Amino acid sequence: MKHRVNYLKIIVIVHGKSELCLVRYIKSNLKIKMEIISSKNGKNPIQITSLKHILNNLDFKSSKNFLKKYYDIEHIKDELLNFKLFIIMDTDDCSNKKKDSYLTKKMFKDHWLSKYIIPIYNINNLEDVMSKCNIKINKKKTT
């Protein structure tokens, strides 16, 4: 009897350039198959307040559209198998109410992907997290 390997399928929505670089590094070094979603290759940040818009676009709006695009995700009817949608956001640019709604997953409760969403967050942003870990960051100088 052959045992079929069934890997976790991953989609990651990232806030900006720093998060994109981090996720690409993880993907490359762990050789994980994952789809990374960013705005203009990380140049335009995706805000917590715009996540509903992203989740309501054509590819995520319904299970039918989703499975048409991501045909390699195993499923039984509308139940996805071995799948997670990670969302990595900074929390410095939204209200406390929106932040709480994101952290507790309340903002996703009416979406069909809700049970697959794993919110990951930086307080306040990834650069602050790295500084607290004593990792030096080269910030771009603004004029």
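Under the rule a/c < 1.5 gives rounded, and otherwise a/b versus b/c splits prolate from oblate, where does segment 1-119 land using the Cα gyration tensor? The shape class here is oblate.
Each peptide among 47-58, 97-108 gets the average number of other Cβ atoms lying within 10 Å of its residues, and from highest to lowest they stand as 97-108, 47-58.
We did not get these values from a lab; they are worked out from the coordinates using the rules stated. If you're wondering where the values come from, they're calculated on a predicted model, not measured in any experiment. We place every Cβ from the backbone using ideal geometry, glycine too, and count neighbours over all the protein chains shown.
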